[in-house]
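Below you'll find the structure I mean.
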There are 2 protein chains.
Amino acid sequence: MGVNENVQKPLDQLSAALAPEMDAVNALIRQRMSSRHAPRIPEVTAHLIEAGGKRLRPMLTLAAAKLLGYDGPYHIHFAASVEFIHTATLLHDDVVDESSQRRGRPTANLLWDNKSSVLVGDYLFARSFQLMVEPDNMRALEILANASATIAEGEVLQLSAAQDLRTDEDVYLQVVRGKTAALFSAATEVGGVVAAAPADQVKALFDYGDALGIAFQIVDDLLDYGGATQTIGKNVGDDFRERKLTLPVIKAIARANAEERAFWTRTIEKGDQRDGDLEQALSLLARHGAMQDARNDALKWAGTAKSALQVLPAHPIREMLNDLADFVVSRVA
Amino acid sequence: MGVNENVQKPLDQLSAALAPEMDAVNALIRQRMSSRHAPRIPEVTAHLIEAGGKRLRPMLTLAAAKLLGYDGPYHIHFAASVEFIHTATLLHDDVVDESSQRRGRPTANLLWDNKSSVLVGDYLFARSFQLMVEPDNMRALEILANASATIAEGEVLQLSAAQDLRTDEDVYLQVVRGKTAALFSAATEVGGVVAAAPADQVKALFDYGDALGIAFQIVDDLLDYGGATQTIGKNVGDDFRERKLTLPVIKAIARANAEERAFWTRTIEKGDQRDGDLEQALSLLARHGAMQDARNDALKWAGTAKSALQVLPAHPIREMLNDLADFVVSRVA
């Protein structure tokens, strides 16, 4: 518990430093998630958007803009756009993954239906582009349009790659850059663009978001197998049961002998899982040091994120972003 | 047969007049529907986009721009964007409606799965905004962002309105403006904007597309019950079986006595359909002149579309658009 108290500080600090801006983002989100004609739209959206998500992505946009001295008003619009894109992808992901729980609550596709999740996701995606029109900044809009395409591409790639034992670390990185890192890096980059920062600083913000997003996803993969130290709570084995080729498994497969390979083929590719298979998977991950290696990758990406920040001007928010990179990997450190 | 030969002329004329531009649009579509990493994206997209759709919507953009003297290059981008938005909505519609046939072929959700249709739709939607960035015309981008929101809103509204006997002609018009007319009117309006036309001409193009789209949808509703004269082939009764409150039914319900109302409540609201119900529905539509009245509405909207054109300069393409409005309703005239 002591660890958790410590490590939550960077997010709390960012929340405090950006409180007025986040209030403005939340007000804009509530205003724009309405619909004159279709009351189901704000119902479905509110269910997800008010379920206590941390607003990490829009906070990155606000942080980037503020640390570069921008004081508004358009970082608010882009931060809200980023959150709308994120919410739209969550709605569609839950349909695609046939999920029944998200942020500890039943998913929208379960409470309403898949139709509502698909169409309300489409609405929020369109709303995000409407929001982006107002600041009249085509470069910022382009960044978020590109990120949206990369996200969808990563998700489609994952459809075919997730259960294919030929998926290697390069393909994994491609998928992760799509489904997770693209929106992180777009969120930080767009904060720099709206602040009219010089090119090297905008690039540094992109690199920070990219590396942070990759670290974030690797940590998520690790926690699903109990974390490197198996001490942190989360239902262990969801990814295994859903037959997802995540980084630790990819590493273990690369080092597998013939018998182990047959195990992965049966459980992941063919989906024929039996009692004791999860335990066997955990033991193979341990035998090959796959968890430790993936953890080291996460730490390396957090280091890349922190290095990128060095190009940016000294600022309390820069230090918070630095600590945030440590925080993200602290759950498996 | 004589009628069909005649009435296809306006579309053929437009296709011929816009052949080089449509070739450029098709080349751009093929180029941008590709994906470096996820081969399923062009597979799914090609299945739909090369199934012989008429490309009516992108043709409207090209026609509007050309009749106002614009000779490129950016009407090509917006026309391709319009087709991508249309294709994305078709992919998602087929998931929402659980359809198994589209343009005479199995739907993508049947050939691949719902996941692919949702995610490839998202990809094409994002690609459409990427395409819109290039011409650097924020007003045109805004029109298509607004249309995208209106489309999704109309579809969500339809989810609740389609089987609710309280749905009146006002709500019907709202749904139709969303799910059909919004993209027609955006397609024509954006053609005017890219041509830098004066405001009254841009407004006329919007009004033409809006009225043409509404006429188009009412005709579709009519044909589903066999058309006003019940001579034109199409599987009769799909909307009835899918319990959709379309315009003829809304008119018949407004004039229903208690016994007839009970019939519609049972068959549409409750979905309890028996042998002979479709025949009974057709007989109620006939008894109240609902088909004839809906047909008159379609003709009225075609007239509105044609009137709007009068603001535009005389041009062979203006005459083709005029004839197109007649053609759309000729299937039930």
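Read the figures in this text as sums done on the coordinates, not as results from a lab. Small disclaimer: the values here were computed from a predicted structure and weren't measured. Every residue, glycine among them, receives a Cβ derived from its backbone with ideal geometry; neighbour counts consider all protein chains shown.
Once you have the alpha carbon radius of gyration of the stretch A:158-230, what is it after dividing by 2.2 N^0.38 Å, with N set to its residue count?
1.32
Give, in nm to one decimal, the length gained when the segment between B:A16 and B:R36 is fully stretched (0.36 nm per residue of separation minus the Cα-Cα distance).
Using 0.36 nm per residue and subtracting the Cα-Cα distance, I get 3.8 nm.
Using alpha-carbon pairs under 8 Å, 6+ residues apart, how would you state the relative contact order of the stretch B:77-167 in percent?
Once divided by the residue count of the stretch B:77-167, the mean separation gives 32 percent.
Between the label point of B:N257 and that of the same position in each other copy, find the distances and list them shortest first in nm, with every label point placed 7 Å from Cα along the Cα-to-C-beta direction.
So the distances to the same position in the other copies read 8.6 nm.
Can you tell me the order of B:82-91, A:270-279 when each peptide is scored by its average per-residue count of other Cβ atoms within 10 angstrom, highest first? Mind showing how you got there, number by number?
Numbers: B:82-91: 26.1, A:270-279: 11.3.
Most protected by this proxy first, the peptides run B:82-91, A:270-279.
Right, here's the next one. Distances from B:R36 to the same residue in each other copy, label points 7 Å out along Cα→Cβ, in nm, shortest first?
Inter-copy label distances (nm, one decimal, shortest first): 4.2.
Give me the percent relative contact order of chain B, please, defined on Cα pairs under 8 angstrom at least 6 residues apart. Could you put the intermediate results ahead of the total?
Working: 460 pairs, mean separation 63.9, N = 333.
RCO, chain B: 19 percent.
Write down the radius of gyration of the stretch A:60-150 and its Dmax, each obtained from C-alpha positions, in Å.
15.0, 44
Report, largest value first, the span of the C-alpha coordinates of the protein assembly as shown along each principal axis, in whole Å.
Principal axes ranked by extent give 77, 56, 45 Å for the Cα atoms.
Report, in order of residue number, the helices in chain A meeting two criteria: a C-alpha extent of 18 Å or more along the helix axis, and a mean Kyte-Doolittle hydropathy of at least 0.0; treat each whole DSSP H run as one helix.
Result, helices passing both filters: A:74-96, A:114-133, A:138-161, A:199-224, A:316-330.
Give the peptides A:259-267, A:158-166 in descending order of average Cβ contacts within 10 Å, highest first.
Going from most to least packed, we get A:158-166, A:259-267.
Students often get this wrong, so check it: of B:K54/B:K179; A:K9/A:K244; B:K244/B:K270; B:K9/B:K179; B:K179/B:K244; B:K203/B:K306, which have C-alpha atoms separated by over 23 Å?
Where the Cα-Cα span goes over 23 Å, the pairs concerned are A:K9/A:K244; B:K9/B:K179.
Need one value for B:167-177: mean number of C-beta atoms belonging to other chains within 10 Å of its residues' C-beta atoms.
1
Additional query: If one computes P(r) from the Cα atoms of the stretch A:239-302, what percent of pairs lie at distances over 13 Å? Present the calculation step by step, with values, prior to reporting the outcome.
Numbers: 1223 of 2016 pairs.
Above the 13 Å cut-off, the stretch A:239-302 has 61 percent of its Cα pairs.
Counting only other chains, and only Cβ atoms inside 10 Å, what mean value do you get across the residues of A:139-149?
That average works out to 5.
Taking the Cα atoms of the stretch A:2-330, what is the range of coordinates along each of the three principal axes, in descending order and whole Å?
Here the Cα extents, ordered largest to smallest, are 60, 48, 37 Å.
Still on this model: Between the stretch A:36-104 and the stretch B:303-333, how many Å separate their Cα centres?
Centre-to-centre distance over Cα atoms comes out at 43 Å.
Next question. I want to check the label-to-label distance for A:D170 and A:R287. Put each point 7 Å from Cα in the C-beta direction and report it in nm to one decimal.
Result: 2.8 nm between the two label points.
Over the Cα atoms of the stretch B:194-333, what is the Rg over Rh ratio if Rh follows Kirkwood?
Answer for the stretch B:194-333: 1.10.
Let me ask something additional. How high is the relative contact order of the stretch B:112-253? Use alpha-carbon pairs under 8 Å, at least six apart in sequence, and give a whole percent.
23
The stretch A:95-136: percent of C-alpha pairs farther apart than 14 Å? Mind dumping the intermediate values first?
Working: 484 of 861 pairs.
That tail contains 56 percent of the Cα-Cα pairs.
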